[in-house]
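What follows is a set of notes on a single structure, which appears directly below.
The values are calculated or read from the model by the stated rules, or taken from the named source; none is laboratory data. What you are looking at is a predicted structure, and each value in this text was computed from that prediction instead of being measured. Cβ atoms come from the backbone with ideal geometry, glycine included; neighbour counts cover every protein chain shown. SASA here: full protein model, heavy atoms, side chains in, ligands and nucleic acids out. Shrake-Rupley method; radii C 1.70, N 1.55, O 1.52, S 1.80 Å.
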Amino acid sequence: MRNITPSLLLVFCIILGLVSGMFSSKSVILSSIEIFKTHEWLSPQPVIYFHCQGENKIILPDVKEKNFVYKFKGIESWQPIAGFPDKKCKRCGLYELDRLKSDDVFDEWELCPDEFLEGNYVHYKQKEFNATFACTECMTRVDKKSHLAVAVLLGALTSLMAASAAFGIYKYWQKRKREQNQARFLKLFDEGDDIDNELDL
Ligand SMILES: *[C@@H]1O[C@H](CO)[C@@H](O)[C@H](O)[C@H]1NC(C)=O
């Protein structure tokens, strides 16, 4: 059992790493955006922001002109623009701040982690805007493959652990059996001595 313990420890560390990797939040960045119109007539500089339900508004400070493609590196101060803690979609939208009435809506939609094919997702709304988002941790095909790999690995590890436990129990049983036999053997000698003593008497 002495050489099995460190390998078991290693196995537990690997499982822990995989599990924590699976549950960590996947971050979404805005890679580019182009707006085709602005809603506010009075103010010359629109304030555009992205918002997911239940989260903070993220103002896009650079996006001011229409019909211009703004590109982002993903490390801007306001990035990442969203995050997925699990497989669930989020209700998000692009809005323009309105000083007089309620904010203007470019579009509101379900942002889903499984729509990031090859890590990218384009949201286009005619006459409103075209935005590309990136989420490398969301890639569906790779996700499924890695889940399968995890399942196979877990299965293999479980059988390995069961086998080593069974082996340990077998070894222990063998040892016990040997001890019992030894005890019985010694007892036999003792009894033999007793008989000798009785004969002497
Ligand atoms: C939207 O933007 C992406 C990236 O800039 C571009 O490849 C795509 O053709 C655009 N789509 C439309 C309909 O403008």
Residue within region 120-130 that is assigned to a strand (DSSP E or B), touching a Phe, Trp or Tyr at 6+ places or on another chain (Cβ under 9 Å) and of a type in the set (D, E, K, R) present: yes
ASP104 being modelled with pLDDT under 95, acidic (Asp, Glu), under 30 Å from CYS52 (Cβ atoms) and touching a Ser or Thr at 6+ places or on another chain (Cβ under 7 Å): no
Unique match (being among the small types (Gly, Ala, Ser) and within 18 Å of SER27 (Cβ to Cβ)) among GLY93, GLY54: GLY54
Given (1) farther than 13 Å from PHE36 by Cα; (2) within 16 Å of the ligand (Cβ to nearest atom); (3) surrounded by 12 or more Cβ atoms within 10 Å (Cβ to Cβ), index of the condition TYR70 fails: (1)
Selection within region 82-110 - farther than 27 Å from TRP41 by Cα and part of a loop (DSSP other than H, G, I, E, B): PRO85, ASP86, LYS87, LYS88, CYS89
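Residue-by-condition table, conditions (1) within 16 Å of the ligand (Cβ to nearest atom); (2) open to solvent by 100 Å² or more (accessible area, probe 1.4 Å):
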site	(1), (2)
THR38	no, no
LYS87	no, yes
ARG99	no, yes
ASP104	no, no
GLU118	yes, yes
LYS127	yes, yes
